[in-house]
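Engineer: Would you mind keeping the following structure in view while I ask a few things?
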Amino acid sequence: MVAFDADFVRNHFPGFRAPELRDRVFCENAGGSLPCRYTVWRLNRFYNRHKVQPGAPYRAAQAAKAEMDEARNRLSALLGVGRDELHFGPSTTANTYVLAQAFREWLAPGAAIVVTDQDHEANSGPWRRLAAAGIEIREWQVDPGTGQLAPDALERLLDGRVRLVCFPHASNILGVVNDAAAICAMVRGAGALSCVDGVSYAPHGLPDLRRIGADIYLFSSYKTFGPHQGLMVVRRELAHRLPNQGHCFNADDPLKRLVPAGPDHAQIAACAGIADYWDAFYDQHFRAGRDARGRAGKVAEMIRARETLLVSPLLDYLRTRPDLRLLGPDRPGRGRLPTVSIALDEPGVAAAERLAHHGILAGGGDFYAPRLLSAMGVDPGLGVLRLSLLHYTLPGEVDRLIGALDTEL
């Protein structure tokens, strides 16, 4: 292994050279990462050379299908799942909505689903709507002081009526990481299924889904250096048991029965760019010789170590500012991602506007998690100032961010 090569990494993201982003500090990664150059190349190539109906018996159509298949094959290998367990859709929100409709048909009235108030609305709202179909919705509530989810609180909700538990792998506000493997094991032991929202976790290292043991795992490719797609992994046996949501003639096709909309061929093909980047990162920093999942694991380890180094001075600074309310843990570590939210006496977006004058590109609002903010006593109307970093952030940029915070807050 060699030391983290920041120049190599930054060179893979053309956005940093764009006039609108050059010489600025991009701190809105939780809203969407910059796409890597492989994603941009693949999307451009597909539209220029293969934008035809995939699979037809001519060369361009066969090439289009091959590029889409490559994305599915390589990403499923990095995640440690079967290629038929990975599904592409227009967004994680849309994928969850389709899943909720399948469960609505499948579950009998009186069955219960557990959701949390820590989640992004994408993995909460569609399930809560099933109450209208006679399904009981139980809420696993956060500690109002810390915003964290306690396993014993979930244990009290689990009984023979609970069929599904939906929770986030990480909070998009707090940056806190939930022990997804332990929670999935608890849920499985209670005879229920698990649905994990990994949107806020996956950008910090693609997870080993076999180790986690989730029945359903969702994340977004546009937050993991790819195009705007939602990726959904559904355990093979479960996917076959859920009612078909696709066209009637696709009921027996495992790749189409949970995706009713026509797929975006070009964006699916461009998702292979994520795998290109992961492999290039691994080859630059490690010796060859591991399988795809092994490579992904080593890349994730290095990324998390880098991000801990990056967020540490920011958290150190915020501990010197008791006048600012930091949501989530104030120390770096395995249970803390570099997503930092500050509750202010003004709208978070107003603070973000002032930071923009210093070249700090951040966001303000409730970030589709108003339930969490309300539970913690934060007015969702004011929201928070959110500062989200990724491994391609530079230490000098964190210093600039701290200087701007010291001036404006």
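Engineer: Tell me, what is the percent relative contact order of the stretch 43-274, built from C-alpha pairs under 8 Å that lie six or more residues apart? Before the final figure, lay out the partial values.
Structural biologist: On the way: 439 pairs, mean separation 62.0, N = 232.
Once normalised by length, the contact order is 27 percent.
Engineer: What is the list of residues in the stretch 373-392 whose amide nitrogen lies under 11 Å from a point 7 angstrom out from the Cα of R331, following Cα to Cβ?
Structural biologist: Backbone N within reach: none found.
Engineer: What per residue convex hull volume, in Å³, do the alpha-carbon atoms of the stretch 43-274 yield?
Structural biologist: On the way: hull volume 26.0 nm³, N = 232.
That works out to 112 Å³ per residue.
Engineer: Pull up all non-local amide H partners of V25: gap of 5 or more, or a different chain, and H-to-H distance under 5 Å with H placed in the peptide plane.
Structural biologist: Here the answer is I360, L361, since their amide H atoms fall under 5 Å of that of V25.
Engineer: Using 0.36 nm times the number of residues separating R321 and A288, minus their current alpha carbon distance, what extension gain do you get? Walk me through the numbers before you get to the answer.
Structural biologist: Working: separation 33, 0.36 × 33 = 11.88 nm, distance 4.54 nm.
Stretched fully, the R321-A288 segment lengthens by 7.3 nm.
Engineer: Cα centroids of the stretch 54-132 and the stretch 365-390: how far apart, whole angstrom?
Structural biologist: Cα centres, the stretch 54-132 to the stretch 365-390: 26 Å.
Engineer: Roughly what % antiparallel, to the nearest 5, for the DSSP beta bridges in the chain? Present the calculation step by step, with values, prior to reporting the outcome.
Structural biologist: Working: 22 of 41 bridges.
In the chain, approximately 55 percent of DSSP beta bridges are antiparallel ones.
Engineer: Let me ask something additional. Just how large is the dipole of the chain about the Cα centre, in debye to the nearest 20, putting +1 at every Lys and Arg Cβ and -1 at every Asp and Glu Cβ?
Structural biologist: 1260
Engineer: Given points 7 Å out from each Cα along the Cα-Cβ axis, report the R45 to V349 separation in nanometres with one decimal.
Structural biologist: Taking the simple label geometry, R45 and V349 are separated by 4.0 nm.
Engineer: Could I ask something else about it? For the chain, with every protein chain kept in place, what is the accessible area per residue (1.4 Å probe, Å²)? Spell out each step's value before the answer.
Structural biologist: Values: 16380 Å² over 409 residues.
On a per-residue basis, the chain sits at 40 Å².
Engineer: From the square roots a ≥ b ≥ c of the eigenvalues of the alpha-carbon gyration tensor of the chain, which class results: rounded (a/c under 1.5), prolate (a/b over b/c), or oblate?
Structural biologist: Numbers: a/c = 1.73, a/b = 1.10, b/c = 1.57.
Cα axes put the chain in the oblate bin.
Engineer: Quick check: pseudo-label points 7 Å beyond the Cα along Cα→Cβ at A132 and R188, how many nm apart are they?
Structural biologist: Here the answer is 3.5 nm between the modelled labels.
Engineer: Relative contact order for the chain using alpha-carbon pairs under 8 Å, separation at least 6, rounded to a whole percent? Mind showing how you got there, number by number?
Structural biologist: Values: 823 pairs, mean separation 96.3, N = 409.
About 24 percent, as a whole number.
Engineer: What part of the accessible area of the chain, given as a whole %, is carbon or sulfur when the probe is 1.4 angstrom? Present the calculation step by step, with values, prior to reporting the outcome.
Structural biologist: Values: 8380 of 16380 Å².
The nonpolar share, carbon plus sulfur, comes to 51 percent.
Engineer: Here is a follow-up. List the cysteines of the chain that have no other Cys Cβ closer than 4.7 Å: which are they?
Structural biologist: C27, C36, C184, C248, C271, each lacking another Cys Cβ under 4.7 Å.
Engineer: Count neighbours as other Cβ atoms within 10 Å of each site's Cβ, and list the trypsin sites (Lys or Arg not before Pro) in the stretch 42-105 that are DSSP loop with at most 14 such neighbours.
Structural biologist: On the way: sites: R42, R45, R49, K51, R59, K65, R72, R74, R83, R104; in loops: K51.
The qualifying sites are K51.
Engineer: While we're on this one: Could you tally the net charge around M376, taking each other residue with its Cβ under 13 Å from the Cβ of M376, Lys/Arg +1 and Asp/Glu -1? Could the numbers behind the result be given before it?
Structural biologist: Numbers: positive: R325, R371; negative: D117, D143, D366, D379.
Result for the neighbourhood of M376: -2.
Engineer: Still on this model: At what distance in nm do the modelled label points of Q141 and A108 sit from each other, each positioned 7 Å from its Cα along Cα→Cβ?
Structural biologist: 3.1
Engineer: Using just the helices of the chain, give the 222 nm mean residue ellipticity in deg cm²/dmol: DSSP H runs with n ≥ 4 each add -39,500 (n - 2.57), and the total is spread over all residues, rounded to 500. Don't jump to the answer; show the numbers that get you there.
Structural biologist: Details: 15 runs with 162 residues, N = 409.
Per the formula, -12000 deg cm²/dmol.
Engineer: Kyte-Doolittle cut-off -0.5, length cut-off 15 Å along the helix's own axis using Cα: show which whole DSSP H helices in the chain pass.
Structural biologist: Values: long enough: 37-49 (18 Å, -1.42); 59-79 (30 Å, -0.47); 92-106 (21 Å, -0.21); 272-285 (20 Å, -0.60); 292-319 (39 Å, -0.04); 395-408 (20 Å, -0.25).
Helices meeting the span and hydropathy rule in the chain are 59-79, 92-106, 292-319, 395-408.
The values are calculated or read from the model by the stated rules, or taken from the named source; none is laboratory data. Computed from a predicted model, the values in this text were never measured in an experiment. Glycine gets a Cβ as well: all are built from the backbone with ideal geometry, and neighbour counts include every protein chain shown. Areas reflect the complete protein model, heavy atoms only, side chains present, ligands, DNA and RNA absent. Shrake-Rupley method; radii C 1.70, N 1.55, O 1.52, S 1.80 Å.
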